[in-house]
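Only one structure is covered here, and it is reproduced in the block below.
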Amino acid sequence: MFKRVSNGRTVAGGLFYLAMATGLVSSFGAHAGGYDTGERNWDFLFQQDKVAFEAGGRYINPQRKLNNVTNIFPNPLAVGPSSGITEASSFWVPNASLAARFGEHARCLASYRVPFAGFATYTAGWVGQFSALRQDFESNDYGLTCAGSVQAGKGKLSFIGGISYQEVKYFLTRNGGPLLGLSTTDVKDEGVAWRAGVAYEIPEYALRASLIYNSQVNYNMTGTQSFANVPGSIPIAGNISMPQSIELKVQSGVAPGWLAFGSARWTDWSVADGMFLCPTALPTCTAAGAVSGLTLLFKDTWTVTVGAAHQFSDVFTLAGNITWDQGATQGFTSQTDTWVAGLTGVVTPSENVTLKFGGQVGVLTGGALSTALLQGGVPNPVGYTTTFGDDLVYSLNASLTGKF
């Protein structure tokens, strides 16, 4: 089914390795389905060498603009631009992997990922400055994932399990008014995530199907609230959950030198209602006692990818894909549906080194939002309404892989 190239490597083997490159293409979903970067990706576990490492990252630039911003409650201090407001900020998502095989039936992956991220720096002086001037939500995941395999027909059936130490941070600045000055919220927490799944592989045909579940993680965020014109800071706390997900991935060689692949992921974003942040002196944290917070009001989402890869020679391969990422917004945020097309080139200058370079470009679909009501239907004193059109999003990715 697959031809042999000049140095003795089969195209089947090259395409099987290429499947790990398609993970960079197919996982793109940043700033659309919630704060999901698509980086809960464990495909490097399936590499075929005794020891292999990979390091790389993606630069993501979502160019979302807000127009016709209007405060729900009139505020004589809320003056400034109301259209052409820059909302989303570009950011970098690094990743690293070290995988090892132990005999024919066991393998493990040590990994660093950034599973959730979202960054917003608004145009200075905009009319919504009492709601936010800058918001950063970032995470780090340090994980270990292992698989045990048994022979099943022509291929292997693998049972997958893993655990991670995960940390999240949230930072918010906004205009606190002339008396208080700039308001700063800074909170964080750590938690434990886990995953489990199954996979079936027939390396001869570059065939693999995997189904992996990623757990929900609950965080008890703690930190401080401070104001530029007020000495000291207030200890604050609140709760937020990052969602569980389940993803099906399928790939197979379909013709000499060709690989087809696809994936579908469901993410339980409805658990990410938001978080009220209250002084720790309060016995319970409710909207009435909150001094800051984050409101998302997300819904569950689907992300679907289809694509193909072609190996032109034993040195160069090209993979392309189209991804639909369902927006998590229910009208409170601008995270609408995203359509993305991507290409990744794979260069293999030697048996032990692989370089990957790629890019994606897509459309963040337009819509409207209103922040008039917080979670639980609580009125938002600094709420606003706005509209936005179809906006561009693009990313660039690169990585280096070495194997032994």
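Pairing the Cα long axis of helix 11-26 with the longest principal axis of the chain, what angle in degrees results, from 0 to 90 and rounded to the nearest 10?
Taking the Cα atoms of the chain, the angle to 11-26 is about 0 degrees.
Residue by residue through segment 77-88, which ³J(HN,Hα) values in whole Hz follow from phi under the Karplus form 6.51 cos²θ - 1.76 cosθ + 1.60 (θ = phi - 60°), with glycine and proline marked x?
7, 7, 10, x, x, 10, 9, x, 7, 5, 10, 7
Straight-line reach from LYS169: which lysines have Cα under 17 Å away, leaving out those fewer than 8 places along the same chain?
LYS188
Be a star and scan segment 149-183 for residues whose amide nitrogen sits under 12 Å from the point 7 Å along the Cα-to-Cβ vector of SER233.
Flagged as within label range: 170-172.
Grab the beta carbon distance between ALA264 and THR286, set R0 = 30 Å, and tell me the FRET efficiency rounded to 0.05.
Working from the Cβ atoms, E equals 0.20.
Among GLY376, GLY253, GLY57, which one shows the biggest mean-square fluctuation in a GNM of the chain, springs joining Cα atoms closer than 10 Å?
Evaluated over the chain, the most mobile residue of the options is GLY376.
Match the structure shown to one of the listed values [x] 22.6, 71; [y] 23.0, 75; [z] 23.2, 81 of Rg and Dmax of the Cα atoms in Å, computed from it, and give that label.
[y]
If amide H atoms are built 1.01 Å from N in the plane of the peptide, which residues on other chains or at least 5 residues away come under 5 Å of the amide H of VAL291?
Residues meeting the amide H criterion: LEU277, CYS278.
Which of VAL127, VAL304 comes first, and how do the rest follow, when ranked by fewest Cβ neighbours within 10 Å?
Neighbour counts put them in this order, fewest first: VAL304, VAL127.
Where the centroid of each part is defined by its Cα atoms, how far is segment 277-333 from segment 86-133 in Å?
Each part reduced to its Cα centre gives a spacing of 10 Å.
Quickly work out the LYS188-to-TRP324 label distance, labels modelled 7 Å from Cα along the C-beta direction, and quote it in nm with one decimal.
Rounded to a tenth, the inter-label distance reads 3.9 nm.
Suppose R0 equals 22 Å; then what is the FRET efficiency for LYS50 and ILE246 from their Cβ-Cβ distance, rounded to the nearest 0.05?
0.10
Would you please state which residues of segment 300-333 a label at ALA341 would reach in this model, taking the label point 7 Å out along Cα→Cβ and a backbone N cut-off of under 12 Å?
In segment 300-333, the label zone of ALA341 (backbone N under 12 Å from the point 7 Å along Cα→Cβ) covers 320-323.
Among the lysines, which fall within straight-line cross-link reach of LYS50, defined as a Cα-Cα distance under 26 Å, with same-chain neighbours fewer than 8 residues apart omitted?
Output for LYS50: LYS3, LYS154, LYS156, LYS249, LYS356, LYS403.
Excluding same-chain residues fewer than 8 positions from LYS299, which aspartates and glutamates have a Cα within less than 15 Å of its Cα?
The qualifying aspartates and glutamates are ASP36, ASP268, ASP273, ASP325, ASP337.
For ILE72, enumerate residues with amide H under 5 Å from its amide H, sequence gap 5+ or separate chain, H modeled in the peptide plane.
Answer set, sorted by chain and number: GLY383, TYR384, THR385.
Between PHE159 and PHE316, what is the spin-label point distance in nm, taking each point 7 Å from the Cα along the Cα→C-beta axis?
Simple spin-label model gives 4.6 nm for this pair.
Work out, step by step, the length gained on full extension between VAL361 and VAL254: first 0.36 nm times the residue separation, then minus their alpha carbon distance; give nm to one decimal.
Computed gain between VAL361 and VAL254 is 35.9 nm.
Which whole-number percent gives the relative contact order of the chain, counting Cα pairs below 8 Å spaced six or more residues apart?
Averaging sequence separation for qualifying contacts and normalising by length gives 18 percent for the chain.
Sequence-distant or interchain residues sharing an amide H contact under 5 Å with GLN335, placed H: which?
Under 5 Å from the amide H of GLN335: THR329.
Between ASN75 and ARG134, 0.36 nm times their residue separation minus their Cα-Cα distance comes to what?
Stretched fully, the ASN75-ARG134 segment lengthens by 19.2 nm.
Give the residue from GLN166, PHE388, ALA260 lying farthest towards the positive end of the charge dipole for the chain; charges sit on Cβ (+1 for Lys and Arg, -1 for Asp and Glu) and the dipole is referred to the Cα centre.
Highest projection toward the positive end goes to ALA260.
Laboratory data are not the source of any read-out in this text; all were calculated from the coordinates shown. Nothing here was measured: the structure is a model prediction, and the numbers come from that model. Every residue, glycine as well, gets a Cβ built from its backbone with ideal geometry; the counts of neighbours run over all protein chains shown.
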